[in-house]
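Here is the structure we will look at, set down as structure tokens.
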Amino acid sequence: MGIKSFQGARRQQTTATDNTPLKVSDYMTRDLITFTPDQSIETVMQALIKNRISGGPVVNDKHELIGIISEGDCIKQISESRYYNMPMQDQTIEKHMAQNVETIDGNMNIFDAAKKFLNAKRRRFPIVENGKLVGQISQKDVLKAAMKLKGQTWK
């Protein structure tokens, strides 16, 4: 009987640690700079430079995630436009954004998210709830979470 009550206490303990702020949703950025597929490459480049970001989610009019546009996508377009001697003014990001975007669950543990960053070699993951973009977690957000937790147990 002593063993059963000990196991019960352990279950309660794990439930208590589930309430500690270790979820992606606790550290993700909710106030995002987003883009629409009909925006020009130049407009996106200006926004990336002005806001000092390396990319951002592309959403439709229902705020559903449809892609990601990055500095790399823009640089590729600069290179191609020069090679083919085609001006970029009329180029929209729809054809140049990454479309099959890997997302991350807002309820995921921050340490599992760190592992996903390492395996996927990505700088950021969007978070989608009920089809709508609700946030984004970056590698820097994971670092911030680790710094807040330092001094506490890593379990």
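Every number here is computed from the coordinates shown, using simple stated rules; none is lab data. The model shown is predicted, which means the values in this text are computed figures rather than measured ones. Don't worry about glycine lacking a Cβ; one is built from the backbone with ideal geometry, like all the others, and counts go over all protein chains shown.
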5 angstrom amide H check on Val134, placed H, neighbours 5+ away:
Ile127, Val128, Glu129
If I model a spin label as a point 7 Å beyond the Cα along the Cα-Cβ vector, how far apart are those points for Ala47 and Glu94 in nm?
1.6 nm
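What's the extension gain from Asn60 to Ala114 if we count 0.36 nm per residue and subtract their Cα-Cα distance?
Values: separation 54, 0.36 × 54 = 19.44 nm, distance 2.86 nm.
16.6 nm is the gain from fully extending Asn60 to Ala114.
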Which cross-chain or sequence-distant (5 or more) residues have an amide H under 5 Å from the amide H of Gly67, H modelled 1.01 Å from N in plane?
Val58
Which part of the range 133-152 falls in the paramagnetic zone of Thr103, meaning amide N under 19 Å from the point 7 Å along Cα-to-beta-carbon?
133-139
The long-range amide H neighbours of Arg124, using H built 1.01 Å from N in the peptide plane and a cut-off of under 5 Å, are none
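If Lys and Arg each add +1 and Asp and Glu each add -1, what is the summed charge of the other residues whose beta carbon sits under 12 Å from the beta carbon of Val101?
Working: positive: Arg122, Arg124; negative: Glu64, Glu102.
Once all neighbours under 12 Å are counted, the net charge is 0.
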From the phi of every residue in the range 122-132, what ³J(HN,Hα) in whole Hz does the Karplus formula 6.51 cos²θ - 1.76 cosθ + 1.60 yield, where θ is phi - 60° and glycine or proline is x?
10, 8, 8, 10, x, 10, 10, 10, 6, x, 9
So the FRET efficiency between Ser40 and Arg123, C-beta based with R0 = 41 Å and rounded to 0.05, is 0.95
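Where does the range 22-149 land on Rg(C-alpha)/(2.2 N^0.38 Å)? Let's see the in-between values first.
Numbers: Rg = 15.5 Å, N = 128, 2.2 N^0.38 = 13.9 Å.
Compared with the compact-globule rule of thumb, the range 22-149 sits at 1.12.
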In whole Hz, with x marking every Gly and Pro, tabulate ³J(HN,Hα) for the range 30-45 from phi via Karplus 6.51 cos²θ - 1.76 cosθ + 1.60, θ = phi - 60°.
9, 8, 9, 8, 10, 10, 10, x, 8, 6, 7, 4, 5, 4, 5, 4
